[in-house]
Amino acid sequence: MDAHSEEITVEQAAEAFAAEVARWREVRGMSKRALARAMGFDPSYVSHVESGRHKPTEEFARLADEVLNAGKAIWRRWCDYEQARTRSRRPPAPPAPRRPEQPYATGSALVVEHDAAHLKYDGRSYRLTMRRLLRNTGTEPVTRYLIRISVDRYPGDPERSNAHYRAHPLTWDELDLTATCRGEVMRWQAKHDRDAFKEVWLLFDNEHGRFPLYPGESVWIEYAYTVGDDKWGNWFQRAVRLPTEQLEVQLAFPAHLDPVVWGTETSMTAEASPLRTPPVRSDDGDLRQFTWITATPALHARYRLEWRFRARPERETDQGEFR
């Protein structure tokens with residue numbers, strides 16, 4: 001969630017900028033050293049920015065946003081930082097009266113009691129089904145929930161990915177996004193619509209009525225979407241953006257492809273390291289499934305599962321085949 005520049009200090013804006021750079025770097029699968037090289041900076045420079053030792057600069061923000069294809073997200077964080085610096089140089093004005101925001105908009109109301117992701121591959125496309133048990137710990141009804149759809153066919157090669165998605169952007173038709181709550185279809189509204197990244201508000205209402213999540217209540221929501229393997233790389237990442245009590249990921253692949261799976265964990269203060277527990281494999285007829293669960297997901301941590309199909313050679317998608 002974006003912090004509004006008028007609500008944050010210079011220090012908070014600098015921390016938000018560093019976190020945004022780190023998030024997009026991890027989404028693109030790049031090390032700090034690799035990003036610095038791609039931007040033409042000293043190899044240690046990105047590390048200094050993300051740790052707060054170097055303050056944001058306009059040049060760094062523009063280049064980082066371009067190299068990471070962040071859709072101006074990094075640039076907006078730098079603008080927030082510049083505005084906070086400008087405000088700090090003049091006496092603060094009395095705050096204008098403002099209507100209290102819905103608690104979810106501040107990130108303080110929702111808790112995820114259980115987060116379950118099921119990703120199934122049929123040999124041509126991926127179908128992701130997300131189920132979340134949400135609890136409203138705030139004092140106001142929650143009427144919407146933000147989800148993100150982000151893909152990267154060539155992690156570690158942002159220029160190639162950028163070119164690929166410019167020519168073959170994700171479309172709403174192919175995603176076939178569906179969402180339900182309490183057996184009711186949830187309407188949705190696009191917040192951001194970019195070639196390889198989308199943000200969507202799932203709304204607790206439909207043409208037949210409203211069903212807000214009231215204070216003290218818990219409810220399961222489910223949403224699903226489809227992405228062809230020409231646009232989905234061999235990885236799936238879960239970012240913990242809300243307090244979460246249990247996180248589960250299940251991958252289901254055709255057994256004849258002989259899939260293997262591994263994973264890493266990344267925090268805002270540590271480089272990627274192997275998952276503390278391995279994905280558990282099980283065979284079910286023609287499917288090979290891998291399940292990974294943690295009961296202690298850290299806030300702002302990112303858990304990334306990757307895979308390879310040993311029975312299928314990787315070929316170039318530019319020729320209409322697999323990478």
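Among the residues of the stretch 230-270, the one identified as touching a helix residue (DSSP H, G or I) at 6+ places or on another chain (Cβ under 8 Å) and acidic (D, E) is D230.
Tell me the residue from E271, E314 that is out of contact with any Pro (no Cβ under 6 Å at 6 or more places or on another chain), in a strand (DSSP E or B), of a type in the set (D, E, K, R) and at pLDDT below 90, please.
Numbers: E314 fails: in a strand (DSSP E or B).
Just a single option satisfies the conditions, and that option is E271.
With the structure loaded, tell me whether P297 is at pLDDT 85 or above, in contact with a Leu (Cβ under 9 Å, 6 or more places away or on another chain) and not in a strand (DSSP E or B) or whether it fails that test.
Values: at pLDDT 85 or above: yes; in contact with a Leu (Cβ under 9 Å, 6 or more places away or on another chain): yes; not in a strand (DSSP E or B): yes.
Judged against the criteria, P297 is a match.
Only residues that are over 14 Å from Y225 (Cα atoms), touching a strand residue (DSSP E or B) at 6+ places or on another chain (Cβ under 9 Å) and not hydrophobic (A, V, I, L, M, F, W, C) were counted in the stretch 182-198, giving 7. If you check Q237, Q250, Q289 for being more than 19 Å from the chain's Cα centre (by Cα), buried (at least 17 other Cβ atoms within 10 Å of the Cβ) and polar (S, T, N, Q), only one passes: Q289. Every test in (1) outside any loop (DSSP other than H, G, I, E, B); (2) over 19 Å from the mean Cα position of the chain (by Cα); (3) farther than 24 Å from R153 by Cβ is passed by R276 save one, and that test is (1).
Of all residues in the stretch 40-91, those being part of a loop (DSSP other than H, G, I, E, B), surrounded by 20 or more Cβ atoms within 10 Å (Cβ to Cβ) and among the acidic types (D, E) number 0. Does Q250 qualify as being closer than 16 Å to Y121 by Cα and either in the same structural domain as T178 (by TED's automatic domain parsing) or among the charged types (D, E, K, R) (or both)? Criteria met by Q250.
Can you tell me which residue in the stretch 1-39 is modelled with the lowest pLDDT, limited to those that are outside any helix (DSSP H, G or I) and under 21 Å from the mean Cα position of the chain (by Cα)?
Kept after step one, since they are outside any helix (DSSP H, G or I), are these residues of the stretch 1-39: 1-4, 8-9, 28-31.
Those still in the list that are under 21 Å from the mean Cα position of the chain (by Cα) too: 1-4, 28-31.
Values: M1: 37, D2: 42, A3: 40, H4: 43, R28: 85, G29: 86, M30: 87, S31: 89.
Per the stated criteria, the residue is M1.
Can Y154 be described as in contact (Cβ under 8 Å) with a residue 24 or more places away in the chain, within 22 Å of F253 (Cβ to Cβ) and in contact with a Lys or Arg (Cβ under 6 Å, 6 or more places away or on another chain)?
Working: in contact (Cβ under 8 Å) with a residue 24 or more places away in the chain: yes; within 22 Å of F253 (Cβ to Cβ): yes; in contact with a Lys or Arg (Cβ under 6 Å, 6 or more places away or on another chain): yes.
Taking the combined requirement at face value, the residue satisfies it.
Restricting the first member to the stretch 210-221 and to residues that are over 15 Å from E184 (Cβ atoms), and the second to residues that are surrounded by 15 or more Cβ atoms within 10 Å (Cβ to Cβ) and of a type in the set (K, R), the beta-carbon pairs closer than 9 Å and six or more apart or on different chains are G216/R135; S218/R135.
Scanning the stretch 258-280 for residues that are farther than 15 Å from E306 by Cβ and touching a strand residue (DSSP E or B) at 6+ places or on another chain (Cβ under 8 Å) gives D258, S267, R276, T277, V280. Residue pairs whose Cβ atoms lie under 6 Å apart, sitting 6 or more positions apart in sequence or on different chains, and linking a residue in the stretch 271-295 that is under 27 Å from A22 (Cβ atoms) to a partner that is small (G, A, S) and surrounded by 15 or more Cβ atoms within 10 Å (Cβ to Cβ), are L275/G263. Annotation for the stretch 225-242: no member residue is without any contact (Cβ under 8 Å) to a residue 60 or more places away in the chain, outside any loop (DSSP other than H, G, I, E, B) and not assigned by TED's automatic domain parsing to the domain that holds V27. Among the conditions (1) closer than 30 Å to F309 by Cα; (2) buried (at least 19 other Cβ atoms within 10 Å of the Cβ), L213 misses just one, which is (1).
The values are calculated or read from the model by the stated rules, or taken from the named source; none is laboratory data. Keep in mind it's a predicted model, so treat the numbers as computed, not measured. Methodologically, a virtual Cβ is constructed for each residue, glycine included, from the backbone with ideal geometry; neighbour enumeration extends over all protein chains shown.
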